[in-house]
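The values are calculated or read from the model by the stated rules, or taken from the named source; none is laboratory data. Computed from a prediction, not measured in an experiment: that's the story for all the values here. Virtual Cβ from ideal backbone geometry, glycine too; neighbours counted across all protein chains shown.
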Amino acid sequence: MLFWIYIIIVSIITWIVLVELFTERDWKKQIALAMLLIPFLLRIFQIK
Amino acid sequence: MKFLTYAILIFFFTAITFSVSNAQTPKYQQPILISSAGQSADVILAGLLFKKLNLEYKTVNLAKESDLKGIKTLVIVPGFSSKGLGAAGISREDEMNRVVELINSAKEKKIRIVMLHIGGNARRGNQSDNFNKLVAESSSYMIVVSQGDEDKFFSNTAADKKVTIKLVEKIVDATGPIKELFN
Amino acid sequence: MKKHLIIAIIILVIVITLDSISAIEFIAMKSPEKLYPENSITKEASLSEYCSNLKGTSGDAEIYFFDSGNPGATVLVLGGTHPNESAGFISAVVLLENIIPKEGKFIIIPQACSSGFTCTDPMEGAPEFFTLKTKSGLRKFRYGSRVSSPLDQWPDPLVYSQYPSGQQLSGFETRNLNRSYPGRNDGTFTEEVGFAIMELIKKEKVDVAIDLHEAAPEIPIINAIIVHEKCRDIGASAVLNLEFDNLQYALEISPKKFRGLSHREWGDGTEVLPFLMETSNPIQGRLRGRTNSELIVSGKDEQYERAVETKSFRISYELTGEPLSIRVGRHIQGIKAILDSYNDVSKDKKIIFENIPSYDDLIKNGVETYLK
């Protein structure tokens, strides 16, 4: 149960990061957002 | 003259008998109490060595003054083990206090103390050396596996205290000096 | 299109590319190694036979039975409780690829924490594989995590409360098999693995159980045999006998209040005589330099050499290194010494076996010689 709650939390945060990635105008902050995306996507897809 | 000759002969033979019987009485006698200082499991290995030699001994890891009753020699096996302290359910401070009291009681009762350090390098280091130092400085005889004395910690203490130290290569080699000590 | 949108798309493409490349490596770790049991094998099973909840999961570890067919003692050997302790795993593989029991039965689990073999520990820079050149060519073995994969058990609590003692440990330890015994049938993933192993010990009436481990050279308990108090004399006798082979081991007694470990819980919860062995493994150490698969096999590290030569630390490390062959040799010789000592005291049951290399054989010929 807790596992699925955390997956949902990670998915919501990933969505927020994606929205920010496309609305942020400073490229340096966009790169920082990208660094968050890398591990989150791996966890959502249960690769790592 | 005859009387004087006989008196001298009687005195001479009495003196020889007395000195011979003294030479036959070992300085280190049985029964032996083996205890730990630091609760390393080396005390179990020590017990096996004494068992192999058919010596009269008992092993009490957490020996107190009451365990010294009837004992002629106290053998202490120093070496710190956090697992050993955990197994014995005692803190490091309480273990140190226990060993100090045991040594003091032995000295009061004029029981000789032998140090048997068989843990090698594994039973050296800050934690163990507090126990090693206490026991080494209180002993009148030391048997040490040489790997534990590479820095001459025990040899130097033995030289300072003018006590005998026997260095052996392996734990099983300690049976030699132990046998020599109690025979 | 606006500039920031173009940059966002480019960044997203890079993220997906990087994730795909790393995914290939991560997924490769999920393929188990091929092992080649000796012909004397009588049965293969898996942990789900002792805990059905493990069926179909990566915790369903393989179990290999070698029954001599003659009455005798039953011995369990566990490797891979911590998959980053390669000598434990490879020692178990050497046994299962060579052993011929003559009296009694061997049960070997080479990868007890099979989930941990599917990933590495984060922030360690650890290699995922190491290779050994054997008779059949280059064999690749996984170098895993210390604990179960977070994909199998997630999230970690802040504080792990060990079942049933309630002992509190760091939350990360919830995935450590060697803190999860006796386990429970409906517990966490790792507790289920622990439960399965306990059930195996009880159902197979195991007499002696040996858990193989490694630790960093700076850890005080290395090159050691840890025993439950009920088998301390057997352990002591084994240590003394090993001295005749010029192998020094420390003897340690399992602390009663440190719960969850194999040598404590197996001994308390079953009739088995439990032993745990440790060797010295530089790749686990904090002082190590380059962390790569060569370090796993050679055990030779410049930084540890510096530490010994400068006498900066009191550590047990040979300047010639701690190669895998020596570490496996110590484990194998330790197992033999423990079983010899057990045979000396056991009145009715013995364990007799052959075709296992000695420590000297492993040093002379290399561990690869004894792998198929």
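Would you point out which residue out of C:200, C:158 is of a type in the set (A, V, I, L, M), buried (at least 19 other Cβ atoms within 10 Å of the Cβ) and farther than 30 Å from residue C:368 by Cα?
From the options C:200, C:158, the qualifying one is C:200.
Scan the range B:60-85 for residues that are among the hydroxyl-bearing types (Ser, Thr, Tyr) and within 11 Å of chain C (Cβ to nearest Cβ) and jot them down.
B:81, B:82
May I ask you to list the residues in the range B:27-65 that are among the acidic types (Asp, Glu) and closer than 18 Å to residue B:127 by Cβ?
B:42
Residues to consider are C:260, C:285, C:299, C:321; find the one that is in contact (Cβ under 8 Å) with a residue 24 or more places away in the chain and within 14 Å of chain B (Cβ to nearest Cβ).
Going through C:260, C:285, C:299, C:321 in turn, the sole match is C:260.
Just a yes or no: is a residue in the range C:19-34 buried (at least 17 other Cβ atoms within 10 Å of the Cβ) and touching a residue at least 60 places away in the same chain (Cβ under 8 Å)?
yes
Looking at the range C:227-241 only, could you name the residues that are more than 7 Å from every other protein chain (Cβ to nearest Cβ) and of a type in the set (A, V, I, L, M)?
Across the range C:227-241, the qualifying residues are C:227, C:234, C:238.
Pick out the one residue from C:316, C:341 that is within 14 Å of chain B (Cβ to nearest Cβ), more than 23 Å from residue C:207 (Cα to Cα) and not aliphatic (A, V, I, L, M).
Being within 14 Å of chain B (Cβ to nearest Cβ), more than 23 Å from residue C:207 (Cα to Cα) and not aliphatic (A, V, I, L, M) holds for just one of C:316, C:341, which is C:316.
Going through the range C:161-182 one residue at a time, which ones are touching a Phe, Trp or Tyr at 6+ places or on another chain (Cβ under 7 Å), within 26 Å of residue A:43 (Cβ to Cβ) and crowded, with 16+ Cβ neighbours inside 10 Å?
C:169, C:173, C:174
Could you grab me the full set of residues in the range C:128-139 that are touching a residue at least 24 places away in the same chain (Cβ under 8 Å) and touching a Leu at 6+ places or on another chain (Cβ under 8 Å)?
Passing the criteria: C:131, C:132, C:134, C:135, C:139.
Right, residue B:130: more than 13 Å from the chain's Cα centre (by Cα), exposed (fewer than 15 other Cβ atoms within 10 Å of the Cβ) and farther than 20 Å from residue B:179 by Cα or not?
Criteria not met by residue B:130.
Which numbered condition in (1) surrounded by 24 or more Cβ atoms within 10 Å (Cβ to Cβ); (2) more than 11 Å from chain B (Cβ to nearest Cβ) is the only one that residue C:253 fails?
(2)
Under the condition of being crowded, with 19+ Cβ neighbours inside 10 Å and out of contact with any Leu (no Cβ under 9 Å at 6 or more places or on another chain), which residue from the range B:44-54 is nearest to residue C:231 (Cα to Cα)?
Going through the qualifying residues, I end up with B:47.
Is it the case that residue C:141 is modelled with pLDDT of 95 or more, closer than 25 Å to residue C:57 by Cα, part of a strand (DSSP E or B) and not aliphatic (A, V, I, L, M)?
So residue C:141 fits the description; yes.
Just one of C:193, C:206 is away from chain B (no Cβ under 14 Å), surrounded by 24 or more Cβ atoms within 10 Å (Cβ to Cβ) and in contact (Cβ under 8 Å) with a residue 60 or more places away in the chain; which is it?
Among C:193, C:206, only C:193 is away from chain B (no Cβ under 14 Å), surrounded by 24 or more Cβ atoms within 10 Å (Cβ to Cβ) and in contact (Cβ under 8 Å) with a residue 60 or more places away in the chain.
All but one of (1) more than 11 Å from chain B (Cβ to nearest Cβ); (2) on the phi > 0 side of the Ramachandran plot; (3) free of Cβ contacts under 8 Å to residues at least 12 places away in the same chain hold for residue C:155, so report the exception by its number.
It is condition (2) that residue C:155 fails.
Given the residues A:4, A:15, A:27, which is the only one that is surrounded by fewer than 16 Cβ atoms within 10 Å (Cβ to Cβ), modelled with pLDDT of 95 or more and either on the phi < 0 side of the Ramachandran plot or within 10 Å of the chain's Cα centre (by Cα) (or both)?
None of the other options fit; the residue is A:15.
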